[in-house]
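Q: Have a look at this one.
Since every read-out is calculated from the coordinates, none of them should be taken as a lab result. Because the structure is a prediction, the values reported are computed rather than measured. All Cβ positions, even for glycine, are placed from backbone atoms using ideal geometry, and neighbour counts span all protein chains on display.
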Amino acid sequence: MRETEVKAAENLMDTNKNLPERASEKKKQRKRHFGRRILGALPPYIMTLPAMASFLLFTIYPILDMILLSFYEWNGLTERKWVGLGNYDYLFNIQIDFKIALKNTLVYTVAVVFFLQLFALIFSVWLQKDSRINSFVQRVMFFPHLCAMLAVSVVFSWLMDEQGLFNAVLEFFHIPGLRWLNDSTTAMISVVIVAVWKGIGYQALLLLSALKSIPADIFEAAELDNTPPLRKFFRITIPLLSPQLFFMLITITLNSFKVFDSVRIMTNGGPGKSTLVLVYYIYEYAQANLKYGVAAAAGVVLLIFLLILTVIYFRLIGKRVHYQ
Amino acid sequence: MGEIILKNINKTFGNTKVLEDLNLKINDGEFAVLVGASGCGKTTLLRIIAGIGPATSGELFIDGEEVSDLAPGKRNIAMVFQNYAIYPNMTVKGNIEFGLKNNHVPKAERERLIAEVAESVGLTEYLKRKPNALSGGQRQRVALARAMVKNPKVFLMDEPLSNLDAKLRVAMRSELIELHNKLKTTFVYVTHDQVEAMSMADTIILMNKGVIQQQASPEVIYDDPNNVFTAQFIGTPSMNILPLKNGSFVGYRPEKVGLTPEETEAFYKVRGRIITREMLGSETLYKVQIISGEHQNETVMVKSLDSGFQEGQDAWVQVALKHLYFFDGKEQRIREADRAEDYGACVRCLKGEEA
Amino acid sequence: MARLTRKQKRAVKRAAGNTVNLIFKLFVSVLFLFPFYWMVTTSFKPYLETLKFPPTLWPQDFTFEGYVHVFQELDILSYIKNTLIVTGTVIVIQFFVNVPAAYAFAKWKFKGQGLMWGIVMTGFMIPGQLTFMTVYFMFADWGILKTLWPQIIPTCASAFSIFLLRQNFKQIPEELVESAKLDGSSEWKILWRLMVPMSKATMVTTILFSFINHWNAYFWPLVMTRDEDLKPITLAIERLKNLEQGLNYTDIMAGNVILVLPLVILFLLASKKIIQAMAYRGMK
């Protein structure tokens, strides 16, 4: 209402431009207008202020501080001491455990990505049809995704106990029991099993909704073309799902790089350093060893990995719908 | 070659019956058009023939063979989908070739067939393109080529022209007719557009609520409809249907009405007043309110070559006896040939001789 | 006759295929349900029975001693109380932080919007695993380490919620906002009286995510708390596992059952809604 009044007044004045005594009034009007414009521009800043403050304080600043810290030696109590690239030297040249952590993280990620995608693909195609049993199986598979990784890890530690159920089952089939989490050759596999078991239902769900968005008539056309099931899977289903599959590849990789909970609960990075992963390394160096500089440097390495993946991720979002 | 027989077909989705005890025969080499409003079961019927939405019960014969438990790919049929359903990840050539590869056609033979079919639908220069680089009309041709290359006994088409613009649709229509004349294969074509049905079909199969209303050539279905539904579905504007005192109905087509300022010697004549007037070009469409006789205040549509009548003007609405259709209380047609007594009663009723 | 047998053969084949298929599906269901079954049954076994090998499939001596330990000796309720206080506070604060921010990003154009959105997205991708060191010392400086705030404050702005709500607000037609403005409603009134009621479903989704995330939170409280009386339920379970007198799986599983139970109930009540929300989250 007021804005229109102001505009009307302005118009009125425009017609009386030549009258000099109006000029000062016009200036006043403009000033008032300017003030209102500032006020009018304020709300979005006020509305975003708390959120922005939070992100700046708890995300942006800590990240910058971490990068800075990675060039210092610090135990959390005394003054920070500049060491240049010393911490990175420590990571890559002096101690071997960071390289182990890096390698383990990569092994874990590759394994989880591969098996999650594989099983999610198989299950989503297998449970595709709308039926009661299928939706039941979908739900049952999905539930672990809701549970804390901690809860799942605790249960699996028990199942994988040397006196646990898994070994009892193996024994039943006259297969010698495994040492699961207590053996450096099987510990990583065990951690991967848990991650895959927990994530499968969720990933299958994502693929299922992607499958449902593919027009049914394409599959019908394939049927009319006398396409054998396997050929249909490889030549039609997978290519049509490829955008979603690639998207999943990125998100699973992102999450796998951050693995911590299961390792902490099930193996504590052991036995030996067989399940030592990046975040566990950071955690240990910060919490136990009080070598914050080293932990920060390791954090920077993780940050770089995450950045690369995130850039790909956001590029992808724009190009989601390949076909149609 | 491609005769199709359906016997006692039932189809239910959950608890709803879509088709009940349906029987149908489509002759070899015929261009059969399944037509009806959306939800009438025509697409369901087509999908039963294709095998991608099998019947709940009943028998289906293609070329004399019972095929209802045969996979769609083994039925020697081809289908063109409404949205074309071409494989977006394959080139045009890949799309056409896919079915041949599945059927283990040798490479040299495949190349020959693809070249031939691409030539005939005008896709030769697009063979290496991906579908998303094609126009709607071109995609339609890919779908057609993919069907043709299999040399099937039966072509099934599910509203294949509905996604094209009006001009292209008319052009494709005549191309399809030509294609049918050339191939002489059975075509089963589904559409909701009665004009499309009339212009393309050898046989029209008109469906309503899962029941076949009439199966006949376009001429017969227009001139000799079986029931009120058929009479009103075919032809625009639809047939005028008016109730008679004896519980029957009389009907006449707007284009068979003589609209004159003076009374003539026609069998059926009533006074009417022009309510609206629509100039269509060669003809003019009038909405007329009847102002005399037992149908007073009813409105009828009249299509006339005479564009001279104005809104508000009075005129005579007149129809010859041979252009009048009578229907009984169940909306079934009363023909003079087989229900002479009922026919006579209706004629007398219309004349006002008997109540 | 020949045709009939062909038909019959097919029918038999199909029936056999369906049965095998069904058996496989049941097998897969067992694969995913069994760990939960194992957790529950173990929690009712006496300690000595859990040591048996091969283990018993069903508790021979049914006992509640695990639960008694968890409630009496561990005092799990005080941990649950911490979790609930943290979760509840976060949900309330998040509402007042995220909703206005999402509204601003959805319906306003302002200078620096791109940069600010970039900051939100950065918050989306940077995990607590990278920020905890600095934040911990920051809270130490503020002198609030001996409170629950370190578990609450950093999660009060949720990039994901802002993202979700912004999508929702964007779908509300501009005309509605315009006509409300013409009626003389202030920005705040439009936000709370128009936008919020029209986005109820999304609000519920964000609350759901917040609840699940905080109920399950493990890493953040692990690095933020030293005092036992500030720890959430997840750390209580971890404590059970690290007790010096060795593993007592009866107690651990009893605690774990309590940790998982609310999620089971939630899932049984609203599995469809949860699955939809999660699917949307993964596809966004």
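Q: Let me have the relative contact order for chain B, percent, based on Cα pairs under 8 Å that are six or more residues apart.
A: Values: 687 pairs, mean separation 55.9, N = 355.
Computed over chain B, the figure is 16 percent.
Q: Another question, if that's okay. Which residue fluctuates the most in chain C, going by a Gaussian network model with Cα springs under 10 Å, if the choices are C:Ile80, C:Ile237, C:Ile93?
A: Maximum fluctuation in the GNM of chain C, among the listed residues, is at C:Ile93.
Q: Quick one: Cα convex hull volume of segment B:239-351, Å³ per residue?
A: On the way: hull volume 11.2 nm³, N = 113.
It comes to 99 Å³ per residue, whole-number rounded.
Q: Let me ask something additional. May I have the convex hull volume per residue, in Å³, for the Cα set of segment B:4-223? List each step's numbers first, then the result.
A: Details: hull volume 27.4 nm³, N = 220.
Residue-normalised Cα hull volume stands at 125 Å³.
Q: Let me ask something additional. For peptide C:104-112, compute the average count of partner chain beta-carbon atoms within 10 Å of each residue's beta-carbon. Display every interim value, and only then the final one.
A: Numbers: counts 9, 4, 0, 2, 6, 2, 7, 3, 4.
The per-residue average across the peptide is 4.
Q: Kirkwood Rh and Cα-based Rg: tell me the resulting Rg over Rh for the protein assembly as shown, rounded to two decimals. Please report the intermediate quantities before stating the final value.
A: Numbers: Rg = 38.0 Å, Rh = 35.0 Å.
On the Cα set of the protein assembly as shown, Rg over Rh gives 1.09.
Q: Give, rounded to the nearest 20 debye, the magnitude of the charge dipole that chain B has about its Cα centre when Lys and Arg contribute +1 at Cβ and Asp and Glu contribute -1 at Cβ.
A: That gives a dipole near 1520 debye.
Q: Here is a follow-up. Calculate the mean, over all residues of peptide A:232-238, of how many other protein chain Cβ atoms lie within 10 angstrom of the residue's Cβ. Spell out each step's value before the answer.
A: Working: counts 1, 0, 0, 7, 5, 0, 1.
Rounded to a whole number, the mean comes out at 2.
Q: May I ask you to derive the FRET efficiency for B:Asp28 and A:Ala41 from their Cβ-Cβ distance with R0 = 60 Å, giving the value to the nearest 0.05? Mind dumping the intermediate values first?
A: Details: r = 76 Å, r/R0 = 1.27.
Result of the calculation: an efficiency of 0.20.
Q: Over the Cα atoms, compute the radius of gyration (one decimal) and Dmax (the largest Cα-Cα distance, rounded to a whole number) for segment A:86-318, in Å.
A: Answer for segment A:86-318, Rg first and Dmax second: 20.6, 67 Å.
Q: Moving on. With springs only between Cα atoms under 10 Å apart, run a GNM on chain C and tell me which of C:Ser158, C:Ser29, C:Ser271 wobbles the most.
A: Sorting by GNM fluctuation, first place goes to C:Ser29.
Q: Additional query: Please list the equivalent ellipsoid semi-axes of segment B:104-192, computed as the square roots of five times the alpha-carbon gyration tensor eigenvalues, in descending order and whole angstrom.
A: Numbers: eigenvalues 94, 62, 24 Å².
The equivalent ellipsoid of segment B:104-192 has semi-axes of 22, 18, 11 Å.
Q: Let me ask you something else. Which value in Å is the Kirkwood Rh of segment A:137-181 over different Cα pairs?
A: Working: mean 1/r = 0.0849 Å⁻¹.
Roughly 11.8 Å, rounded to one decimal.
Q: Please identify, among B:Met198, B:Met90, B:Met279, the residue showing maximal mean-square fluctuation in a Gaussian network model of chain B using a 10 angstrom Cα cutoff.
A: With Cα springs under 10 Å in chain B, the top fluctuation among B:Met198, B:Met90, B:Met279 is at B:Met279.
Q: What helices in chain A pass both tests, a Cα length along the helix axis of 30 Å or more and a mean Kyte hydropathy of 1.6 or higher, using whole DSSP H runs? Provide the component values of the computation, followed by the final result.
A: Working: long enough: A:22-55 (49 Å, -0.60); A:97-126 (42 Å, 1.52); A:187-212 (38 Å, 1.63); A:292-318 (38 Å, 2.27).
Taking the DSSP H segments of chain A (at least 30 Å long, mean hydropathy at least 1.6), we get A:187-212, A:292-318.
Q: Kindly rank C:99-109, B:109-119, B:285-295 from highest to lowest mean number of other beta carbons found within 10 Å of each residue. Could you put the intermediate results ahead of the total?
A: On the way: C:99-109: 22.2, B:109-119: 15.6, B:285-295: 18.4.
By packing density, highest mean first, the sequence is C:99-109, B:285-295, B:109-119.
Q: Can you give the extra length, in nm with one decimal, that the chain gains between B:Ser120 and B:Glu66 once fully stretched, where that is 0.36 nm per residue apart less the Cα-Cα distance?
A: On the way: separation 54, 0.36 × 54 = 19.44 nm, distance 3.28 nm.
So the chain would gain 16.2 nm between B:Ser120 and B:Glu66.
Q: Kyte-Doolittle cut-off -0.5, length cut-off 24 Å along the helix's own axis using Cα: show which whole DSSP H helices in chain B pass.
A: Values: long enough: B:166-183 (25 Å, -0.11).
Correct list, ordered by number: B:166-183.
Q: Can you give me the P(r) profile for segment C:226-284? Cα pairs, bins 5 angstrom wide beginning at 0, each as a whole percent.
A: All Cα pairs considered, the percentages come to 4, 16, 17, 15, 14, 12, 12, 8, 2, 0.
Q: Right, next: Of the listed peptides B:226-232, B:10-16, A:132-138, what is their order by residue-averaged count of other C-beta atoms within 10 Å, with the highest listed first? Provide the component values of the computation, followed by the final result.
A: Details: B:226-232: 20.9, B:10-16: 11.1, A:132-138: 15.4.
By packing density, highest mean first, the sequence is B:226-232, A:132-138, B:10-16.
Q: Then there is this: So what is the relative contact order of chain A, in percent, for Cα pairs below 8 Å that sit 6 or more residues apart?
A: Values: 314 pairs, mean separation 83.8, N = 324.
Normalised by residue count, the contact order of chain A is 26 percent.
Q: Determine the shielding of peptide C:28-41 by partner chains: average, over its residues, the number of Cβ atoms on other chains within 10 angstrom of each Cβ.
A: Values: counts 7, 6, 1, 4, 11, 4, 3, 12, 7, 0, 6, 6, 0, 0.
Per residue, the average neighbour count from other chains is 5.
Q: Run the numbers for C:Thr147 and C:Val40: contour at 0.36 nm per residue of separation, minus the present Cα-Cα distance, in nm. Mind showing how you got there, number by number?
A: Numbers: separation 107, 0.36 × 107 = 38.52 nm, distance 3.36 nm.
Extra length from C:Thr147 to C:Val40 when fully extended: 35.2 nm.
Q: Using only helices, what value at 222 nm comes out for the protein assembly as shown when you add -39,500 (n - 2.57) per DSSP H run of length 4 or more and divide by the total residues, to the nearest 500 deg cm²/dmol? Each step should come with its number before you reach the end.
A: Details: 37 runs with 522 residues, N = 963.
Per the formula, -17500 deg cm²/dmol.
Q: In a solvent-free Debye calculation with one equal scatterer on each Cα, what is log10 I(q)/I(0) for segment C:61-134 at q = 0.16 Å⁻¹, listed in the order of the q values?
A: Normalising to I(0) and taking log10 leaves -0.82.
Q: Give, to the nearest whole percent, the P(r) tail of segment B:48-131 beyond 20 angstrom, counting all Cα pairs.
A: Details: 1607 of 3486 pairs.
Everything past 20 Å amounts to 46 percent.
Q: Which Rg and Dmax, in Å, describe the Cα atoms of segment C:74-242?
A: 18.6, 64
Q: In addition: Quick check: convex hull over the Cα atoms of chain C, volume per residue in Å³, rounded to an integer? Mind dumping the intermediate values first?
A: Numbers: hull volume 66.3 nm³, N = 284.
Expressed per residue, the convex hull around the Cα atoms of chain C is 233 Å³.
Q: May I ask for the longest run of chain A untouched by GluC sites (Glu not before Pro) that are loop-located per DSSP and have at most 15 neighbouring C-beta atoms (other than their own) within 10 Å? Don't skip to the answer; put the middle values down first.
A: On the way: sites that count: A:Glu21, A:Glu79, A:Glu162.
Answer - A:163-324.
Q: Ok, one more. Find the lysine pairs in segment A:86-318 meeting two conditions, Cα atoms under 19 Å apart and a separation of 8 or more places or different chains, and report how many there are.
A: 11
Q: Hey, can you list the DSSP H helices of chain C whose Cα span along the axis is 15 Å or longer and whose average Kyte-Doolittle score is at least 1.0?
A: Working: long enough: C:2-43 (61 Å, 0.35); C:76-107 (45 Å, 1.28); C:113-125 (18 Å, 1.13); C:128-142 (21 Å, 0.73); C:159-171 (19 Å, 0.20); C:200-215 (22 Å, 0.74); C:249-283 (39 Å, 1.27).
Helices meeting the span and hydropathy rule in chain C are C:76-107, C:113-125, C:249-283.
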